[in-house]
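**Student:** Take this structure first; my questions come after.
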Amino acid sequence: MSPRRDAELAFTPPVARVADGRGGAYDWIAEPTSELIDLLDSERAYYEARVASLAELRATLTAEMTARVPATSESAPWRSGDFTYREIHGAGAEFPTLVRRTADGTDERLIDLQAVADAHPAAEFHLGECEVSPDGTTLAWSSDIVGDERYALRFRDLASGADLPGVIESTFPSGGWSADSTTYMYLRTDTINRPHQVWAHTLGADPATDRLVFTEPDERFEVSVSATRSGAWFVITAASRNTTEVHILSCAEPAGTPRLVRPRQDLVEYRLEHAPGPEGNRFLIVTNLDAESFRIVSAAVDAPDRWDDYVAEDSTTRVYQAHAFDSAVVVSARREGVGMLTVHPYRGTAFEIWPDEPGGLVTLGRNEVFDADFVTVVQQSFIYPTRWEDVDIGSGRRSPRHVEQIVGVDPDAYVQERHLAPAQDGTAVPVVVVRRRDVDLDGSPPLYLYGYGSYEACMDADFGFDWWRSLPSLLDRGVVCAFGQPRGGGELGRRWWLDGHLRAKPNTFDDQAAVADFLAGGFVDGTRIVSRGLSAGGLLQGVLYSKRPERFAGIVAEVPFVDVVATMSDSSLPLTIPEWDEWGNPADPGDRAVMESYSPVDNPPAAEPRPALLVTGAMHDTRVLVREPAKWVATLRATDPGHGAGVDRASPASRRTVLFRAETRSGAHAGPVGRYSQLDYEAEIHAWTLACLS
């Protein structure tokens, strides 16, 4: 075959087989057959051919981003028992080494995660549990090297540095140690990877003899287990999207039987913290019972089902968690759209801690010492490196603990602002806008718009990306970066989520479109907007692609949940049954009608106005199965006479271009996690984004 013919084939979009018979045209894509893998490999080869022209730009972006990473770096230190712990990244290392030291000692290496990853060179390494026993002798750690979120759990003798015999497969990263450090509680997953059982492992014993402690039969509920900061109780929580039930077990008696705190009640959530102190040996419980924005109640340890008011509901404040220390209770909350903390000393006046930047965030850091006289908090924003501070519980005085090292970037060159965009129904939708100080919001700069809007998750700077190492490569090229906070998220409290899920889900899509329209109305160039989102945020992108294609120059839909009706109709799939409380159940005609109105697979737009589209998917993803993006891409190719080749085949980002970055080998839901591999991936996405905006 001639080189010219090879080039023509490389630039020919793959077209999926249309099935004959009574089933759907692409129902065969649901099965992980060799035919599906061949299709995904063809899509990946087509993607690589189309973006080859971006190689130089991608390399430049990768070099810029990695240059912002210090050759060596350390995490913020935290105390636990007699030791202070840190994570250290060596030169060129993707993953850190966990070390510890006593007050007068030298560093002791506990586990070199880079060495663990290097032992699986073709895999995508993910760390799960990493918990040192209370006596400091044993490390419980787990890892996933496929990306399917099934973790292998091991126990390391820290004196010898060797792992003990026996590996526990198919666990989920949630666990806790008994008070005497002999027993570890962990989670097992079922056939659809739902964490549903708590097991107890005794150190040195054959894992086959492990004891089943708790099982959750209702497939709507997932289970978690942890030990309280006081070290006194295991807390086993069974949670659906809107209902919880808690059982407790003494850490001193791990062979005992868990005790129910309060029977589950539909739509009632509660979370428990052990809070012994001057006010008695009791539990503090955050609940939405008779309190939409949540309140805090207390209960005696011997009567955990008898609740007394502790902090009443404040309709302006969404309360998330009560963190107990021996001298104070710290409350994590969100007020007026801002994540903040309130410290309640037992002896002293309560005080609040707010973020320093508009659109910033304050959270409680890693605080494992119950009798501490200070708490470590974390300040985050989209432009400044993350900063840890120690806050004196008695005085409120703040002192620096650690600042994430930044190389070659002047944060003061950027501005972070918060605006409110009017939605169609008059609702004011928050959006955080980031730009260079010398880039004016005068209607001329291009826009990179990110969004999520589901599960009451908040689109904050802690959303999961290394923003300040990657964003400057867009900002320094004159791109304005914005982060919408549509209904369905939790930015403005519980009501914000309630008004953007189930049959109110269309509000999420309308809100994000309103954010784009608002910014296009004089702030940015409305013809140069690229929108991006992952998972449920990928669904958001799919709906924007279907409903508002003319608004965008390009859309990045990563591992998108786009075959809503079919997936929510198949109860054998991972997550489907638990997700009915978020999206609805297609067996209900009302729910189904709403889903059908927005499901991207069922609503392909007219071919002519389609923006450029970049889709990602991973074969081993258990959260959004690769069948969803594959079926969507097949549908889009079939409904475009050009099969998604675009109006200009020489460009990877012309209108009507459809590219599918499919991953058939090791790969996880949220992409690479190594500090360099993550940035290389971001450079790849940003290169395509800039091509759309050029």
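**Student:** How high is the relative contact order of region 392-550, in percent, counting Cα pairs under 8 Å that sit 6 or more residues apart?
**Tutor:** Rounded, it is 26 percent for region 392-550.
**Student:** Order the peptides 603-613, 625-635 from the highest to the lowest mean number of other Cβ atoms within 10 Å of their residues. Walk me through the intermediate numbers first.
**Tutor:** Numbers: 603-613: 18.7, 625-635: 25.9.
The packing order, highest mean first, is 625-635, 603-613.
**Student:** Another question, if that's okay. Describe numerically, in nm with one decimal, the distance between label points set 7 Å from Cα along Cα→Cβ at D20 and at D157.
**Tutor:** Result: 6.5 nm between the two label points.
**Student:** Here's another thing I want to ask about it. 222 nm [θ] for the chain, helices only, -39500 (n - 2.57) per DSSP H run of 4+, per residue, to 500? Present the calculation step by step, with values, prior to reporting the outcome.
**Tutor:** On the way: 14 runs with 139 residues, N = 694.
So the helix-based figure for the chain works out to -6000 deg cm²/dmol.
**Student:** Solvent-accessible area per residue for region 215-342 at a 1.4 Å probe radius, Å²?
**Tutor:** Numbers: 5010 Å² over 128 residues.
Ligands and nucleic acids excluded, the figure is 39 Å² per residue.
**Student:** Given the Cα-Cα distance of D266 and S395 and 0.36 nm per residue of separation, how much length would full extension add, in nm? Could the numbers behind the result be given before it?
**Tutor:** Working: separation 129, 0.36 × 129 = 46.44 nm, distance 4.18 nm.
So the extension gain works out to 42.3 nm.
**Student:** Something else now. Determine the gain in length on full extension of the stretch R101-A122; use 0.36 nm per residue of separation and subtract their C-alpha separation, reporting nm with one decimal. Could you put the intermediate results ahead of the total?
**Tutor:** Values: separation 21, 0.36 × 21 = 7.56 nm, distance 3.35 nm.
That works out to 4.2 nm of additional length.
**Student:** Would you mind getting me the FRET efficiency between A71 and R109? Use the beta-carbon distance for r and R0 = 22 Å, nearest 0.05.
**Tutor:** Details: r = 19 Å, r/R0 = 0.86.
With R0 = 22 Å, the Cβ-Cβ based efficiency is 0.70.
**Student:** Where only protein heavy atoms count, and the probe is 1.4 Å, what is the accessible area per residue for region 589-687 in Å²?
**Tutor:** Working: 3070 Å² over 99 residues.
Result: 31 Å² per residue.
**Student:** Using 0.36 nm per residue, how much length does the chain from A255 to E35 gain when fully extended, once their Cα-Cα distance is taken away?
**Tutor:** Details: separation 220, 0.36 × 220 = 79.20 nm, distance 4.98 nm.
This chain segment gains 74.2 nm when fully extended.
**Student:** Right, something else. How large is the accessible surface per residue of region 48-151, computed with a 1.4 Å probe and reported in Å² as a whole number?
**Tutor:** Details: 4630 Å² over 104 residues.
On a per-residue basis, region 48-151 sits at 44 Å².
**Student:** Apply 1/(1 + (r/R0)^6) to the Cβ-Cβ distance of S80 and V167, taking R0 = 30 Å, and write down the FRET efficiency to the nearest 0.05.
**Tutor:** Here the calculated transfer efficiency is 0.75.
**Student:** Okay, next question. Going by average Cβ neighbours within 10 Å, how do the peptides 310-316, 224-230, 27-33 rank, with the highest at the top? Walk me through the numbers on the way to the answer.
**Tutor:** On the way: 310-316: 14.9, 224-230: 19.9, 27-33: 16.6.
Ranking, from highest mean packing down: 224-230, 27-33, 310-316.
**Student:** Run through region 296-346 and list the trypsin sites (Lys or Arg not before Pro) located in a DSSP loop whose Cβ has at most 12 other Cβ atoms within 10 Å.
**Tutor:** Values: sites: R306, R318, R334, R335; in loops: R306.
Here the trypsin sites (Lys or Arg not before Pro) that fit, given the DSSP loop and packing criteria, are R306.
**Student:** Just grab the label-to-label distance for D476 and T209, each label 7 Å out from Cα along the Cβ direction, in nm (one decimal).
**Tutor:** Modelled inter-label distance: 6.0 nm.
**Student:** While we're on this one: What fraction of the DSSP beta bridges in the chain is antiparallel, stated in percent and rounded to the nearest 5? Write out the running numbers ahead of the final one.
**Tutor:** Working: 122 of 147 bridges.
In the chain, approximately 85 percent of DSSP beta bridges are antiparallel ones.
**Student:** Another one. Using a Förster distance of 56 angstrom, determine the FRET efficiency expected from the C-beta separation of N281 and R649, and round it to 0.05. Could the numbers behind the result be given before it?
**Tutor:** Values: r = 71 Å, r/R0 = 1.27.
Efficiency, rounded to the nearest 0.05: 0.20.
**Student:** Evaluate the charge dipole of region 118-201 about its Cα centre and quote only its size in Debye, nearest 20, assuming +1 on the Cβ of each Lys and Arg and -1 on the Cβ of each Asp and Glu.
**Tutor:** Values: 5 positive and 13 negative charges, 36 e Å.
Result for region 118-201 is approximately 180 debye, rounded to the nearest 20.
**Student:** Heavy atoms only, probe 1.4 Å: what % of the accessible area of the chain goes to carbon and sulfur, would you let me know?
**Tutor:** Values: 13150 of 26420 Å².
For the chain, the apolar C and S fraction of the accessible surface comes to 50 percent.
The values are calculated or read from the model by the stated rules, or taken from the named source; none is laboratory data. Everything quoted here is computed from the prediction, not taken from an experiment. Backbone-built Cβ (ideal geometry, glycine too); neighbour counts: all protein chains shown. The accessibility values were calculated without ligands, DNA or RNA, using every heavy atom of the protein model including side chains. Shrake-Rupley method; radii C 1.70, N 1.55, O 1.52, S 1.80 Å.
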